[in-house]
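Quick note: the coordinates plus some simple rules give every number you see, no bench work behind them. Given the structure is predicted, the values throughout are model-derived calculations rather than measurements. Heads up, the Cβs are rebuilt from the backbone with ideal geometry, glycines too, and the neighbour counts pull from every protein chain shown.
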Amino acid sequence: MTYVASYGTADQLPESSLPEVSFVGRSNVGKSSIMNKLFGRKDLVRVSSKPGKTTLVSFFRAAGIDFVDLPGYGYAKRSQAERDRWAALIDGYFEQDRRHALVVSLVDIRHDASALDLQMIDYLCAHDLPFCIAFTKADKLSRAQQDRQVASICRQIAKMGDAVEDVPIVVCSAVDGTGTDDLLDLIGQAAEQV
Ligand SMILES: Nc1nc2c(ncn2[C@@H]2O[C@H](COP(=O)(O)OP(=O)(O)OP(=O)(O)O)[C@@H](O)[C@H]2O)c(=O)[nH]1
Ligand SMILES: [Mg+2]
């Protein structure tokens, strides 16, 4: 995977050429980490020690696909102006006429989905974007705890209606590599369809 470029506003984004796989989720959920793990790179995508570090849209390229690291949501210490900028960037990115192959929506497996996680999923449904849900940081839980949490979060998500019924889910970890092969399979299949 190679780094392409980063952009601070939606109107700076170059036209979409390759299929795009983007990563969304709460700040600090592990978007950058899972991208690094998918490509066996330790530090190509900057991982934050503090949440809220990624404020740009960054493009990386591998295997004929553009991988897009999006800034996270839900970082409490952001000003209203920064939140507005986030919303404009996300809206701009998703509403542009781009080759959206798959949005990987990351949710921390240790906690129930937050209101913002559910809002993001609702947004993806409303915009008819192809997406999967990746439950991450699985290394922090035992197998039994993982199963319990997945069931519980899926119950939350199921309440959102029919649009989420067939959404693929993957349990993953950027630390031990759980689920990365499954995620790469989903990505490969999705990229062939746009
Ligand atoms: N144990 C564990 N820690 C993880 C995992 N993924 C990420 N982390 C840690 O969580 C913190 C945040 O990871 P990032 O990848 O920077 O999260 P992000 O979603 O890109 O955060 P923002 O760019 O701020 O939105 C870092 O300290 C990572 O080391 C995981 O699967 N397991
Ligand atoms: Mg990040």
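Could I have the simple spin-label model distance between Gln189 and Ala151, label points 7 Å from Cα toward Cβ, reported in nm to one decimal?
2.5 nm
Using alpha carbons only, how many angstrom separate the centre of region 126-194 from the centre of region 1-52?
Computed from Cα coordinates, the inter-centre distance equals 18 Å.
Quickly estimate the mean residue ellipticity at 222 nm for the chain, helices only: each DSSP H run with n ≥ 4 gives -39500 (n - 2.57), and the total goes over all residues, rounded to 500.
-10500 deg cm²/dmol
Taking the chain, how much of its Cα-Cα pair set, in percent, is spaced more than 28 angstrom apart?
Distances greater than 28 Å cover 18 percent of the Cα pairs.
Where does each of Tyr3, Tyr75, Tyr123 land when they are ranked from fewest to most other beta-carbon atoms within 10 angstrom?
So the residues, fewest neighbours to most, are Tyr3, Tyr123, Tyr75.
Only Cα pairs within less than 10 Å get springs; with that Gaussian network setup on the chain, which residue of Ser152, Ser33, Ser58 has the largest fluctuation?
Among Ser152, Ser33, Ser58, the largest GNM mean-square fluctuation belongs to Ser152.
Which listed residue (Ala144, Phe131, Met120) has the Cα farthest towards the positive end of the charge dipole for region 118-169, taking +1 on Lys and Arg C-beta and -1 on Asp and Glu C-beta about the Cα centre?
Ala144
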